Structure formats: structure tokens, C-alpha cells
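Take a look at the structure below.
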Amino acid sequence: MAKQHTYALTTQWTGNKGEGTANYRAYDRDHIVSAENKPDIPASSDPSFRGNKSRYNPEELLVASLSSCHMLWYLHLCAEAGVVVVDYTDQATGTMIETPDGGGHFSEVTLSPAVLVTHESMIAKANELHHQANKLCFIANSCNFPVYHKPICRVAEK
């Protein structure tokens, strides 16, 4: 039998301004995402949907989940392959399309990891391992849209 993992968290709406949801403008979209023994994540909706721009929105958190999962698999694969990564930064972007009924869906996410390795001989393998990381990423495997990769790999300055 396959291993099964369960993830529990709490989402608490904090946007009641006294009238609840009496009308569309009567409430804030602010909420807190929390999990036991972890810092809270202040969240809201996208500012386009009356959200608080100083808080993370679900769409950003989805892109962050893809970026983070890919990075963690990638670093694991590099460690196993003898590719020494000393820095990793991803400038990830996601595109969401609104539908006429007010809903929407992501059409794509692009990860753009910039990786520094310790030796030039590692660059080809480092670039190749992004494909394997994508195949193994739990989050990417759960999406119904493409996740693209535009990696850059360089040798760290000594």
C-alpha cells in the first residue's frame, strides 16, 4: 500500500467589520492560515478582488508551493548526484485567467530558478536535474496546468 500523508491547518476569517457579509463591500477578505507549532500566515484575497495587498493571497501561495516543492526535490537530487549547490533563488510567476462566471483557473506557472554550483563540470547535470525534480514534485503532479522551467546555472565566485 502507498504511504499516505495528511496535512492539517486552520483558516480563520478575520475580516468581519461588524456586519458580517451583509453585502459584498461590508467585509474584509483578511484571514489567518495557521498550523500547530508554526508561524501564522497573514492572508487575504488578491487586491483585484477587494483583498489586502500587504497579505499573501491564495494564488501567490499556490505559486509559492510549486516553487518550494520543486526547489526541495531539486536540492535532494543534486545532493544525490554530487552536484554541489551553494545558492538557489527562484523568480516564479503564475498566470490565472478569469472566466465569465467570475471563477477562473491557472493556465500556467513558470519557475525561473537561478542556481550557483561550485564547479563548471556540474552545470550540465544541474540543469538536467530540473526535469527530474518536476517529475517528482508532489504539487506539480497535482496541477491541471503546465509548470514550465527556465533555469539558469552558473559557477559561484570564489
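Since every read-out is calculated from the coordinates, none of them should be taken as a lab result. Treat the numbers as computed from the prediction; the structure is a model and nothing was measured. All Cβ positions, even for glycine, are placed from backbone atoms using ideal geometry, and neighbour counts span all protein chains on display.
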Worksheet item: Can you sort THR11, THR110, THR6, THR93 by how many other beta carbons sit within 10 Å, fewest first?
Response: THR6, THR11, THR93, THR110
Practice prompt. Could you give the size of the charge dipole of region 33-108 about its Cα centre, using +1 on the Cβ of each K and R and -1 on the Cβ of each D and E, expressed in debye and rounded to the nearest 20?
Written response: 220
Worksheet entry | Percent RCO, i.e. relative contact order, over the chain, from Cα pairs under 8 Å lying at least 6 residues apart | 17
Worksheet item: What percent antiparallel are the DSSP beta bridges of the chain, to the nearest 5?
Response: 70
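Quick one: how many lysine pairs does the chain have with C-alpha atoms less than 21 Å apart and a gap of 8 or more or different chains? Give me the count, please. Write down the numbers at each step before the final one.
On the way: LYS3/LYS135; LYS17/LYS53; LYS125/LYS135; LYS125/LYS150; LYS125/LYS158; LYS135/LYS150.
The number of close lysine pairs in the chain is 6.
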Worksheet item: What's the exposure ranking of TRP13, TRP73, going from fewest to most Cβ atoms within 10 Å?
Response: TRP13, TRP73
Worksheet item: So how tilted is helix 123-136 from the main axis of the chain? Cα-based, degrees 0 to 90, rounded to 10.
Response: 40
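Can you list, largest first and rounded to whole Å, the semi-axes you get for the chain by taking the square root of 5 times each eigenvalue of its Cα gyration tensor? Could the numbers behind the result be given before it?
Working: eigenvalues 262, 59, 50 Å².
Over the Cα atoms of the chain, the ellipsoid semi-axes are 36, 17, 16 Å.
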Fill in: Net lengthening on full extension, GLU108/LYS53 (0.36 nm per residue, minus Cα-Cα)
17.6 nm
Discussion item. With viscosity set to 0.890 mPa s at 25 °C, what whole-number translational diffusion coefficient in µm²/s follows for region 10-49 from Stokes-Einstein and a Kirkwood radius over Cα pairs?
Written reply: 222
Response to the item:
Normalised per residue, the volume inside the convex hull of the alpha-carbon atoms of region 1-70 in Å³ amounts to 137
